[in-house]
Structure formats: C-alpha cells, structure tokens
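These notes concern the structure reproduced below.
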Amino acid sequence: MDGNGRWAKRRFMPRIMGHQRGVESLRVTVKACRDLGVEYLTVFAFSSENWRRPADEVSFLMSLFMKMLEREVASIHGNNIRLKIIGDRSHFDDNLQRAISDAETLTANNTGLMLTIAANYGGRWDVMHAVHAMLRDHPELAASFTEADLQPYLSMGDAPEPDLFIRTGGEKRISNFMLWQLAYTELYFTDTLWPAFGRRALELAIASYQHRERRFGRTSDQLAGTVKERYA
Ligand code: IPE
Ligand code: MG
C-alpha cells in the first residue's frame, strides 16, 4: 500500500492525510475482494524499516492502526472476516498488542475472507523467525531440515502461496514483503497511489493476472497438454 505521502503532497496536504485516506482505500479493497470471491488478502501496512521515518509520522501511523482496530473490528467480525496480524508485534505498545490479539481471537473462527495485515513485518525477519522457532521446537533439525519442516513456522504457513502481488505507487520493488511466499507469484505494479486505489484498480490488476500463463517452471506446451488431458 504505497503512495500515501505523495497523494497528500500533490494536494498540498500533510502526509498523514494520505495515510488517513489510505485506510478508506483498504476498506474499499476489502469489500471488493469479498465481492469478487478473493479468499486471502494480505496487505503491507508497516515495514520493519518504516521505524526510520520521522517520529511524529510513526506515532501517527501507530495511533491510526489502533483506531482502525477499534472502529473496524465489529464490522470485520460482522462480515465473517478473519483478521490476522503478521510481523514482530513486540515493539508495539501494550494497548496495541492487546487490541491486536483481541481482534484475532474474536475473528479466529470466521470462515470468510482471510485478511492479514503485515505490521512491523519484513520478509527476511519472517524466514529467520521461522528458523529460530522451528529449531526451538525441534533442535534435532539443526543438522538438516526441509522446506516442509519450515513451512508451518512461517507467518503465512497455513495459507496458500499468493497468486497475485500488487504494488501501488509506481515503485518496482518487493521491499522485503513475503520473500519466501512470492517465489512464483505474479507481480503487478501500478502507478496508482494507494489512496486512489479502489475497486476499478483492483479489477484491472486481476484482469492483468488473468492473462498470464503460470508455468511454474514447465513449458507452454506441457501446460496445453494438461489442459487437453483434463478436457479429453
Ligand atoms: C505507504 O505510503 C504507507 C506506509 C508505508 C505506512 P507512503 O507513506 O510510503 O507514501 P509515499 O511513498 O511517501 O508517497
Ligand atoms: Mg512509500
């Protein structure tokens, strides 16, 4: 979700207004995902590198996160959405940590959209954290372990790998988001700034995805073969 600051600046407004508008974009995007039948939506809200921003912007983002949880949790729950936060939450203040775990507990048994918010998250952190946690549980794996051993310890260990990655705001980088999980994900970059992102922009991204051929290392002909077999 990139481009909040630039969106605000272009309108001669303070950056924080862009963040505020960004919450609205998230609300619209969640609704659109539910309507379109998307099962998993994972958004990058705050990276482990974002602490380097000016202190007042960081504290605004933290209070916005808190307010979002307070205001939206009832409707998230009412819409059967399961909410999960990934990232190192130990750096958040106690109130925020409590609000996060309350929201997760409340929505844990919901069966609709799985909405994951990455906050103080980094892809390398995720992998390192998983390795440490796995070895704590299974010291015998230190000598040798497989991807399947590690999988359940990753933040998104219980989710399928993402089909589509969308980065708004014109930058063409992954910026340490879900490095492990994105191995075969289709990447989509748009100049649209996050506060201007909405249903239409999401539909364009999905339409682009629908024109891609996902080979997972195979050849086009092999894929055509499997399709033929399937419909033979
Ligand atoms: C994304 O918008 C929101 C966060 C990283 C919290 P930015 O704040 O990065 O906006 P730009 O990139 O400065 O426009
Ligand atoms: Mg940015």
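The values are calculated or read from the model by the stated rules, or taken from the named source; none is laboratory data. These numbers were taken from a predicted model, which means no experiment stands behind them. Cβ sites come from the backbone with ideal geometry, for glycine too, and all protein chains shown count toward neighbours. The accessibility values were calculated without ligands, DNA or RNA, using every heavy atom of the protein model including side chains. Shrake-Rupley method; radii C 1.70, N 1.55, O 1.52, S 1.80 Å.
Numbers below:
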read-out	value
Counted residues, segment 1-15 - those being within 6 Å of ligand 1 (Cβ to nearest atom) and in contact (Cβ under 8 Å) with a residue 60 or more places away in the chain	5
Residue that is farthest from ligand 2 (Cβ to nearest atom), among those in segment 1-12 that are outside any helix (DSSP H, G or I) and surrounded by fewer than 16 Cβ atoms within 10 Å (Cβ to Cβ)	F12
The listed residue being charged (D, E, K, R) and more than 17 Å from M178 (Cα to Cα), out of E70, E147	E70
Residue tally, condition open to solvent by 40 Å² or more (accessible area, probe 1.4 Å) and either out of contact with any Leu (no Cβ under 9 Å at 6 or more places or on another chain) or away from ligand 2 (no atom under 16 Å from the Cβ) (or both), over segment 169-187	8
So R15, is it more than 16 Å from ligand 2 (Cβ to nearest atom) and among the basic types (K, R)	no
Answer residue from segment 167-199, given it is under 12 Å from S25 (Cβ atoms) and out of contact with any Ser or Thr (no Cβ under 7 Å at 6 or more places or on another chain) and is nearest to ligand 1 (Cβ to nearest atom) among those	G169
Every residue from segment 92-124 that is open to solvent by 70 Å² or more (accessible area, probe 1.4 Å), assigned to a helix (DSSP H, G or I) and not acidic (D, E)	N95, R98, T105, L106, R124
Segment 15-51: number of residues that are more than 23 Å from R89 (Cα to Cα), open to solvent by less than 50 Å² (accessible area, probe 1.4 Å) and touching a Pro at 6+ places or on another chain (Cβ under 9 Å)	2
Residues satisfying the stated conditions in segment 16-56, i.e. part of a loop (DSSP other than H, G, I, E, B), free of Cβ contacts under 8 Å to residues at least 40 places away in the same chain and within 14 Å of ligand 1 (Cβ to nearest atom)	R53, P54
Unmet requirement for A32, which otherwise passes all of (1) within 20 Å of L164 (Cα to Cα); (2) small (G, A, S); (3) within 14 Å of ligand 2 (Cβ to nearest atom)	(3)
Filter pass, L135 being away from ligand 1 (no atom under 16 Å from the Cβ) and open to solvent by less than 50 Å² (accessible area, probe 1.4 Å)	no
Test set (1) within 20 Å of the chain's Cα centre (by Cα); (2) surrounded by 13 or more Cβ atoms within 10 Å (Cβ to Cβ); (3) not in a helix (DSSP H, G or I) - F145 fails condition number	(1)
Scan of segment 148-168 for residues that are of a type in the set (S, T, N, Q), closer than 28 Å to T192 by Cα and either exposed (fewer than 15 other Cβ atoms within 10 Å of the Cβ) or without any contact (Cβ under 8 Å) to a residue 12 or more places away in the chain (or both), ordered by number	none
